[in-house]
Amino acid sequence: ASGANLAASLGAGSTNLSQLNLSPRAGAGTQRLPELSPTMFQTPCRPLHVAGGTASFFYVNYKEGFQPLGKSPNGYVGKDIRRAADEVDFYADLKTETEIDSSWEELSQVTLECPGVVSLPCQLQPKQPESVQRLLVMENLEAGFKKIRLCDIKLGDETAKAHWKGKSWLGAVGNDLVDAATNSKSEGLRLEGMSSPPSSLEARLSAVTSEAGFLGMVRRGLVGSKKAHRFTIQRLQAKDFLQYWLDLSEEGSGYEARAHQACWKTLSQLTALIRALVAVPWPQVWIGTSIGLALDAGEMGPDVKVSVKLFDWGRSALFHEKAFRALEYPEQLDCVRRWQQYMMACCRLHWEMSRFVVHRCCCPSWSAIVFEINSESTAVLRAAMTGSSGTAGPKSTAKASSLLDLRSLRKHPGEVLLPLYAGPNLEPQGTLYVEVTFPSPGSAESEDRQVVKLLLKRAKLRTSSISSQAVLIRVLAFKDVEDASAHFQARLRNADEPLPMARATAQTSSPGKACSGGLSWDHTFEFIGLGKTGADASQQRLCSELREAFEVTSVQRQVHEDLWPELLPPPCISPKEARELSTEWARKFVPWLGEGEEYPAHWVSDRPYQVGEEIQVYSRGEQAWLRAHVEATNLVAVAYQIESGQWHRKVLPPSHDHLQRKAQAHNQPLALTEEVSVFSAAFNEWVSGRVVETNLVSVKFTSKDGHRKSKQLPARNGHLRRKPSNYESKKDGISAANITEAARAAAHSGWLWRGADPTHGSVQPESSDDDECKVVYSTSEVVLGCQSDYLKSEASEAQDLMAFLGESDAEDLQAEVGLSDDEDDDDQSTETNMKKPVAAAAATAAAAAGAATA
């Protein structure tokens, strides 16, 4: 994995995206952000200590009455601009684009607020003189929280790019190695840090470096406690760190109700974030950015505060249309690829949180509990060297398991002594002491609402192979006893965890403490069953929150009301098809996140040609791509009929004096089949005509025999293309990008591609049928169907026009269009394009073979 990442880093240098300088100079955005008056703030500013990074932060407090409307005076921080030049540019660009285009407004709502820049005296160190610092003022994520628990989640499969925004090649390689060894490569995101973590996570991290003996000494001395802890959380899967983030058990009785609130609010804000990103009009390169999940883990209260924000824009560029169009073709593709990665990471986090809501917050009742005593390896050195193989989560194995049927305890709750089993022989391997109670949900709750409370006390195990491992208890709650029994039996056989039919969820304890005769815990778990009425209301709320996913009925299994949506398996299970399920879920919200080039076509293929631009045109007569220059763009072809009944064709710019529109639609581009008036110079009169082609490009080129020629072709025709970059021309065989480009050109000129996407092989026409023709590749085939009815009309004039498209006299065409006698055959008449599917398919195939001939 490390070698592949290294090769990818080296290969990335073949594009120029990393060398782009989108701003006149770094930090030029300070001139576009509002300059705030220093008199509005309290001074001096105290330093704010943050983990990681090189920039200095300060508390920036407004004077009462000067803060932005509706904001707290203490709701902001200042970041030293000397270390935040690119971030300043990002916020300036976002502010500018939001004022111009409302489609950016939603994005500004999910990023940190940035009022502007200011110069303020700051206290750098205690007992040192103040120093005036130039600060970027940003929203303080901690504002309004009693005790913030903040997850810093790094987004994307690749969190660095060499030579991009000052990132060195060596630094990018180091980041690639970290990506490969952590959850970034497995799930497209990783946890970088968690402030105010629960004691269960703190104890788990402590177990990594507190081990006695030689291994513990090596970890502490060679790796270091801080690095070992960070690497451990970086390897946590999303379902695991979200479970820790939602662990409010230290708040005491009733914590699970607050956890439910946090789940719902987080899902709602994540959904809004996804919609805001979908509204962004152009692909972005946001490398190394983070999403922050903030939760108030302070005192118990009637409500829980949650915030979801995007931040850390130091290595990001905001692309508007002009900036994106300025990129070369391979750079555009690289930008699209990175944007797809970014969106997929956000959707993966959304998918994981949706699983929590579906199973933890929508269940009517819990019938059975499975206790698993798991031992987790703390070998961080081996993990760092071998990387992430399939799953980033630390490997855990069930030492012993026990099954508890809650139905038999409802009338007689209390302390329960459970036998622990290991292996298929069902011989007891120890005992587990648990206290089970069913607290009253209160008079305000529904009558069938149920609360299950479990207090873990101690466990005795016969095995002693746990000295170098953290021992946790995983508590799984099941809606149906049958699902619990199937899970229990699978764990005894050391088999994969089966997917339950009904709802299921899990919580994990902190590592047990050694005591005489075993291990001890003092950990309380709560599971809430909403009752039928409450569960029905929650499911309706879920469908309302996630309307994009539940508009399609196939997303839900309709067997009975207790079954969960088929794309959202329980968060306590790691299904083998997790990537496929999360990708399909993402496509419900972002349709262009599928495999291949399914992004919006206008991002790349609709880039307009520029007059004077050097491109390539395919000559069928010479069977080769030739150098050409664009002499005119955005032309239209008009067909008209003179008194003799003969049809003619003329190509003109839409604004030409010889072309007039009959409909009053001057603000709209000319449309296909639109009726117009055209002046015929040959007959010196105005005649009625119809637009038969739009967005034509006129190009001039020199044939191999030295003759200067010209062509007028649709901009998306397969016989036109930009010069292949060095990156594309080095590829062997037919470029998949060129094939796809040719496919799109064919589709937009009246052809529909069907079948598998061809990526390589030779092209040979196989059929001469007028309705359909095949183009066969060595490994797959594509069926091309001619779509020739887009000009059909009930009017006889339209029928005559269609006849003209196949029967026009070539000499008349030359008189009106101005083609030379030695022009290629495919330019003499539109008959080839409209009536000869085999010839058109061969032309498209030749266009697809561009990389090989070049």
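The values are calculated or read from the model by the stated rules, or taken from the named source; none is laboratory data. Remember, it's a predicted structure, so these values are computed and weren't measured experimentally. Neighbour counts run over all protein chains shown; Cβ positions are idealised from the backbone, glycine included. The protein model used for the area step is the full one, side chains on, heavy atoms only, and it has no ligands, DNA or RNA in it. Shrake-Rupley method; radii C 1.70, N 1.55, O 1.52, S 1.80 Å.
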Task: Extension gain (nm, one decimal) between W169 and Q109, 0.36 nm per residue minus Cα-Cα - done: 18.2 nm
TODO: Quick one: go through the range 678-721 and flag any residue whose amide nitrogen is under 19 Å from the point 7 Å out along the Cα-to-Cβ line of D657.
DONE: 678-687
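Go through 159-167, 477-485, 622-630 and give me the packing order, highest mean Cβ count within 10 Å leading.
Details: 159-167: 18.9, 477-485: 21.6, 622-630: 16.6.
So the order, starting with the most tightly packed, is 477-485, 159-167, 622-630.
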Open item on the list: Suppose we keep just the alpha-carbon trace of the range 66-136; what are its Rg and Dmax in angstrom?
Closed with: 14.7, 49
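For an R0 of 45 angstrom, estimate the FRET efficiency from the Cβ-Cβ distance between N684 and R325 and round to the nearest 0.05. Mind dumping the intermediate values first?
Details: r = 42 Å, r/R0 = 0.94.
It comes to 0.60.
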- [ ] Would you mind computing the Rg to Rh ratio of the range 45-190 from its alpha-carbon coordinates, Kirkwood style for Rh?
- [x] 1.00
- [ ] Quickly rank 506-513, 573-580 as a protection proxy: mean count of other C-beta atoms within 10 Å, highest first.
- [x] 506-513, 573-580
- [ ] First compute the accessible area of the range 597-723 with a 1.4 Å probe, then give the percent of it belonging to carbon and sulfur atoms.
- [x] 46
TODO: List every residue whose amide H lies under 5 Å from the amide H of N634, counting only residues 5 or more places away in sequence or on a different chain, with H placed 1.01 Å from N in the peptide plane.
DONE: L696
TODO: Mind scanning K265/K453; K185/K453; K650/K704; K79/K167; K63/K165; K265/K322 and naming the pairs with a C-alpha gap bigger than 26 Å?
DONE: K185/K453; K650/K704; K63/K165; K265/K322
Open item on the list: Please report the spacing between the Cα centers of the range 317-342 and the range 57-126 in Å, no decimals.
Closed with: 26
- [ ] Please sort by residue number the trypsin sites (Lys or Arg not before Pro) in the range 669-714 whose DSSP state is loop and whose Cβ has at most 11 other Cβ atoms within 10 Å.
- [x] K704
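Under 14 Å from the Cβ of S131, count the other residues' Cβ atoms, weight Lys and Arg +1, Asp and Glu -1, and hand me the total.
Details: positive: R46, R82, K127, R134; negative: D80, E130.
Within the 14 Å Cβ shell, the charges total +2.
What is the sum of charges, Lys and Arg at +1 and Asp and Glu at -1, for the other residues whose Cβ falls under 15 Å from the Cβ of G144?
Values: positive: K71, K146, K147, R149, K265, K305, K309; negative: E113, E139, E142, D296, E299, D303.
Every neighbour counted, the sum reads +1.
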Task: Theoretical gain in end-to-end length, N74 to V278 [0.36 nm per residue, Cα-Cα removed] - done: 70.2 nm
